[in-house]
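So the structure is just underneath, and the comments pick up after that.
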Amino acid sequence: MRSSINYLLHSGKNSKLLYYLNAYARELIPDSLFRKRLQQELECCASLYDAAYIADRVDYYCHATESIAPDVTPLSSFHRTGHSSVYYFDSHEIVRWFNPDFHWKYLFGDIRDIPDSPTVVKSRNISEDNGNAVLLNLDKCRHFVFLNDKKDFCDKKDVAIFRGQVGTRENRIRFMEMFGNHPRIDAANTVAKGGLFSGNPDGKATSPRLSLYEHLDYKYIMALEGNDVASNLKWVMSSNSLAVMPRPTCETWFMEGRLQPNVHYVEIRYDYADLIEKMDYYTAHPDEAKAIVHNANQYVDQFRNKRRERYIALLVMQRYFSLPVL
């Protein structure tokens, strides 16, 4: 019990309690006040931020060209009942600024498939034909975590670490089967659910969870995709450790599709066959490793300005609501 309480207090993750306190406090403010301020907020932000940068981000998230299918929901009937609360709070924080007569389609949860018509989602597959999946920053309390890492890359253990729920995800099962007992890899399943890889026939957790800061003792942190993206990628890229992963196949508001291999993260093969080789290389070339860390930190920094992120989200939804409805 004591270790569980210690983890909750010092995990390094965003506080869910603080998140819900802020979310419920926002709900006390009438939506009409936000709608009255929309144009003023857009004009004010337009004068504060680089127009080309903002336009590029909006285009990335919403490049839908098709009409919205008729099975849409009016904003006036969008309520918390029946939804995961974090998805409701994160989306309502943005859509409450708009006319309640506007209609939209949304899919909450871990989404990979591209919808048949423009739909607001948290995640989508990376492809040239993913315009119908319009990205909004959802479940951000869990996903958008940034750390203050004071330990230099060279002072960390020359080991790669993986902690996470293995479940029935083939890529994670394969990783555990290859490296579960490797001397250079500290790998463990942290959730007693699924994960029937060899050596763990009962599907039980093989190790307790570590705080995010305990991960920072390691030079290499595995960022393996789960149901959609690797949820630890943001905080790993904010640290002085290297994110190590195959090229991402799924993306969120973090724009994983724009990450450059061996510029923002260390790319390995999907079968992990070159993992030790890549670790040896960057251990022997610390200046190159630190350059990747620097690039990753800079990439993360663009998401730290909360007002600018909200401004981009408002423009994304403004564009979405301008799409015709069949």
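Select from the stretch 268-278 the residues that are assigned to a helix (DSSP H, G or I) and hydrophobic (A, V, I, L, M, F, W, C) and write down the one among them that is farthest from the chain's Cα centre (by Cα). Explain how you work it out, then say what you get.
Initial filter on the stretch 268-278 (assigned to a helix (DSSP H, G or I)): 275-278.
Subsequent filtering for residues that are hydrophobic (A, V, I, L, M, F, W, C) retains 275-276.
Details: LEU275: 23, ILE276: 26 Å.
Per the stated criteria, the residue is ILE276.
Of the conditions (1) assigned to a loop (DSSP other than H, G, I, E, B); (2) under 21 Å from GLU225 (Cα atoms), PHE98 clears all except one; give me its number.
(2)
What pairs come up if the first residue lies in the stretch 302-326 and is within 13 Å of ILE94 (Cα to Cα), the second is basic (Lys, Arg), and their beta carbons are under 8 Å apart, counting only those six or more places apart or on different chains?
These pairs meet every condition: ILE312/ARG57.
From the list LEU233, LEU210, LEU242, LEU216, which one is among the aliphatic types (A, V, I, L, M) and under 30 Å from TYR49 (Cβ atoms)? Explain how you work it out, then say what you get.
Working: LEU210 fails: under 30 Å from TYR49 (Cβ atoms); LEU242 fails: under 30 Å from TYR49 (Cβ atoms); LEU216 fails: under 30 Å from TYR49 (Cβ atoms).
Only one candidate qualifies: LEU233.
Step by step: first the residues of the stretch 148-204, then only those that are among the acidic types (Asp, Glu) and assigned to a loop (DSSP other than H, G, I, E, B), then the one that is modelled with the lowest pLDDT. Which residue is that?
Restricting attention to the stretch 148-204, the residues satisfying the condition of being among the acidic types (Asp, Glu) are 149, 152, 155, 158, 170, 177, 186, 202.
Filter again for assigned to a loop (DSSP other than H, G, I, E, B), leaving 149, 152, 202.
On the way: ASP149: 96, ASP152: 98, ASP202: 57.
The residue in question is ASP202.
Could you go through the stretch 126-134 and let me know if any residue there is in the same structural domain as LEU315 (by TED's automatic domain parsing), in a loop (DSSP other than H, G, I, E, B), within 15 Å of ALA230 (Cα to Cα) and in contact with a Leu (Cβ under 8 Å, 6 or more places away or on another chain). Don't jump to the end; show me each part of the working.
So the first thing to find is which residues in the stretch 126-134 are in the same structural domain as LEU315 (by TED's automatic domain parsing), and the list is 126-134.
Applying the additional criterion that residues be in a loop (DSSP other than H, G, I, E, B) yields 126-132.
Next, from what is left, pick out any that are within 15 Å of ALA230 (Cα to Cα): 126.
Next, from what is left, pick out any that are in contact with a Leu (Cβ under 8 Å, 6 or more places away or on another chain): none.
Scanning the stretch 126-134, I find no residue that is in the same structural domain as LEU315 (by TED's automatic domain parsing), in a loop (DSSP other than H, G, I, E, B), within 15 Å of ALA230 (Cα to Cα) and in contact with a Leu (Cβ under 8 Å, 6 or more places away or on another chain), so the answer is no.
Out of the residues in the stretch 222-267 meeting the condition of being of a type in the set (A, V, I, L, M, F, W, C), in contact (Cβ under 8 Å) with a residue 40 or more places away in the chain and part of a strand (DSSP E or B), tell me which one is surrounded by the fewest Cβ atoms within 10 Å (Cβ to Cβ).
It comes out as CYS250.
The values are calculated or read from the model by the stated rules, or taken from the named source; none is laboratory data. Nothing here was measured: the structure is a model prediction, and the numbers come from that model. So basically every Cβ, Gly included, is an ideal-geometry build from the backbone, and we count neighbours across all protein chains shown.
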